[in-house]
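Only the coordinates and a few stated rules stand behind these numbers; no lab work does. All values derive from a computational prediction rather than experimental measurement. No Cβ is skipped: glycine too gets one built from the backbone with ideal geometry, and neighbour counts run over all protein chains shown.
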Amino acid sequence: MSQSCLRIAPVLISAALIAGCTAAGPQSVLGGANQQPAVDAAVNAAVVQGACPVVTLREGTAYYTTYSKGGDGDAAKIVHQASISDTTRQCRISGDQLVMTVVVSGRVVGGPQAKTGVVELPFRVAVLDGESVLYSELQKHPVSIVEGGPAEQFIYTNATVTFPASASRTAKLYAGFDPGPYNTP
């Protein structure tokens, strides 16, 4: 009987070692794996996809073209053209407010009248709940271009979009180019 115990003992020891190697950590081997750290729900309030408004481009706001003086509509007088290729957003709850980070990406290409320098693209981000404007901001975003150079990519970020969280399910979020004026909602 001692011979069979000696033959089985290495197998049992090997099995115990292998089982210990597959454990997630010392707590799971020692019996503490079921304990979860306490999490404050108010601090880590998750925003489900349905409560984070989708970025929408209004008709005519996905493209922006500037012309040299007196050249509106003349292709030979284009200074630069910009286009939006993608948008995204991220939401989080802060007290009773929904705070959004809106990101818009695209590219700018110089036209026949382009000069090396900085182009300022006018972006507006607005949140509406029905006819009520909850948030609206128009900002200029600088992009450097090179005369005769390739298209330049841009990434515009607005991390200050804030409005009442209670309106998050019905609000509409708009982002796009807006030549102004800068004092309008």
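For this structure, a couple of remarks:
- For Q153, neighbours were defined as the other residues whose beta-carbon sits under 12 Å from its Cβ, and their charges (Lys and Arg +1, Asp and Glu -1) total -1.
- Cβ-derived FRET efficiency at R0 22 Å, E59 paired with R92, nearest 0.05: 0.15
- Our summary gives the stretch 49-177 a relative contact order of 32 percent, counting only alpha carbon pairs under 8 angstrom and 6 or more residues apart.
- GluC sites (Glu not before Pro) lying in DSSP loop within the stretch 100-185, provided at most 14 other Cβ fall within 10 Å: E131, E147
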